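Comments concern the structure below.
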Amino acid sequence: METLAAINRWLAKQHVVTWCVANEGELWCANAFYFYDPQAVAFYVLSEDKTRHAQMTGLQAPVAGTVNGQPKSVALIRGVQFSGEIRRLDEAESATPRERYYRRFPVARALAAPMWEIRLHEIKFTDNTLGFGKKLHWLRDSGTQ
């Protein structure tokens, strides 16, 4: 099984990402609907600059987070843990991902929030549907595809 392809298929079916940032010893997490780009291996989210997590992020920061389903059976648990970098996109570079985001979440057109890219550097995908505790790992630039 192609690791990244399996992860990409699962992430395309989900819609909420949780990410966490740190600044001066303080930690904070946020949740948002996302558009996932499998070619960039990145999430795109909308978030206002005035939010606590955006203030802590600045224009760019290291990030870690998760995407998970909510199964009632442990045998069906699937989820992603990741690390990477979050950065605020300028208006020009956000045009294409913003349009793709709006196609997925049309109601978001009412928000004037900036777009953020969460570029993943490492992914661990737990998929108990492949066997209890089955983990798939992906590292950017490692050749693990």
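Against the test of being buried (at least 17 other Cβ atoms within 10 Å of the Cβ), over 17 Å from Asp37 (Cβ atoms) and of a type outside the set (Asp, Glu), the options Gly79, Gly58 yield a single qualifying residue, Gly79.
Taking region 17-53 as the range and being surrounded by fewer than 13 Cβ atoms within 10 Å (Cβ to Cβ) and farther than 14 Å from Trp116 by Cβ as the test, the residues that pass are Glu24, Gly25, Glu26, Leu27, Gln39.
Exactly one residue among Trp28, Trp19, Trp10 is farther than 17 Å from Arg140 by Cβ and outside any helix (DSSP H, G or I), and that residue is Trp28.
Looking only at region 35-47, decide whether some residue is touching a Pro at 6+ places or on another chain (Cβ under 6 Å) and touching a residue at least 60 places away in the same chain (Cβ under 8 Å).
The answer is yes; a qualifying residue exists.
Scanning region 23-57 for residues that are in contact with a His (Cβ under 6 Å, 6 or more places away or on another chain) and within 11 Å of Ile86 (Cβ to Cβ) returns a single hit, Ala30. Could you list all residues from region 94-107 that are of a type in the set (Gly, Ala, Ser) and crowded, with 17+ Cβ neighbours inside 10 Å? Correct list: Ser94 only.
Readers should treat all values here as calculations from the given coordinates under stated rules, not as data from a laboratory. Since the model is a prediction, treat every value here as computed from it, not as a measurement. Here Cβ is always computed from backbone atoms with ideal geometry, including for glycine, and neighbour counts include all displayed protein chains.
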